[in-house]
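Novice: Attaching a single structure in C-alpha cells format; questions to follow.
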Amino acid sequence: MKKYPNIGKAYHELGTAVHDAGPLDEKTRALIKVAISGGAMLEGAFHSHIRKAIKAGASREEIQHVALLALPTIGFPSMMALMSWIEDIYEPKT
C-alpha cells in the first residue's frame, strides 16, 4: 500500500463499493468473508476475516458454525484446519 498508494486506494474503494451494493448487514457480510477465505484455505485471510467478524458482532459459536458448514464441501481435514485457525484467534499459542 505504501509503494502503490493509488492501487491501495482503488482496492479500498472497490471493497467499500461491494459491501455497500446489497442488503446484507455487516455481520452477515463478515461471516460470508470468513466462509470464502476458509473455503479457499487462505489462512492469513481467514484469520483477518475472523477478527473483522468479531468486530462486527459475530460470536465464537457463529464462526465455528461457518467452519462446520464447510465440512460437506471441502472435507473433514480442511474443516478441522479451519477449526484450528479459529483457535489461533481465540486462544493464541504462547
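The values are calculated or read from the model by the stated rules, or taken from the named source; none is laboratory data. Remember, predicted model here, so these are calculated numbers, not experimental data. Here the Cβ is made from the backbone with ideal geometry for all residues, glycine too, and neighbour counts use every protein chain on show. Note: areas computed on protein heavy atoms with side chains; ligands, DNA, RNA excluded. Shrake-Rupley method; radii C 1.70, N 1.55, O 1.52, S 1.80 Å.
Novice: Across region 34-57, what is the number of residues that are on the phi < 0 side of the Ramachandran plot, open to solvent by 40 Å² or more (accessible area, probe 1.4 Å) and either modelled with pLDDT under 95 or not in a helix (DSSP H, G or I) (or both)?
Specialist: Number satisfying all stated conditions: 2.
Novice: Right, something else. Identify all residues within region 19-46 that are of a type in the set (A, V, I, L, M) and within 15 Å of Ile74 (Cα to Cα); write none if there are none.
Specialist: Val34, Ala35, Ile36, Ala40, Met41, Leu42
Novice: For Lys3, state whether it is open to solvent by 70 Å² or more (accessible area, probe 1.4 Å) and under 17 Å from Asp88 (Cβ atoms).
Specialist: The answer is no for Lys3.
Novice: Hey, another quick one. Exactly one of (1) open to solvent by less than 30 Å² (accessible area, probe 1.4 Å); (2) under 29 Å from Met1 (Cα atoms) is unmet by Ala70. Its number?
Specialist: Single failed check for Ala70: (2).
Novice: Within region 10-44, track down each residue that is within 18 Å of Leu68 (Cα to Cα) and either of a type in the set (A, V, I, L, M) or in contact (Cβ under 8 Å) with a residue 60 or more places away in the chain (or both).
Specialist: Ala30, Leu31, Ile32, Val34, Ala35, Ile36, Ala40, Met41, Leu42
Novice: Moving on to the next point. Report yes if some residue within region 15-22 is modelled with pLDDT of 95 or more, among the β-branched types (Val, Ile, Thr), closer than 24 Å to Ile86 by Cα and open to solvent by 50 Å² or more (accessible area, probe 1.4 Å); otherwise report no.
Specialist: No, region 15-22 has no match at all.
Novice: Right, next: Anything in region 69-94 that is in a helix (DSSP H, G or I), touching a residue at least 24 places away in the same chain (Cβ under 8 Å) and not aromatic (Phe, Trp, Tyr)? List them, or say none.
Specialist: Leu69, Thr73, Ile74, Ser78, Ala81, Leu82, Ile86, Asp88, Ile89 - these are the residues of region 69-94 that are in a helix (DSSP H, G or I), touching a residue at least 24 places away in the same chain (Cβ under 8 Å) and not aromatic (Phe, Trp, Tyr).
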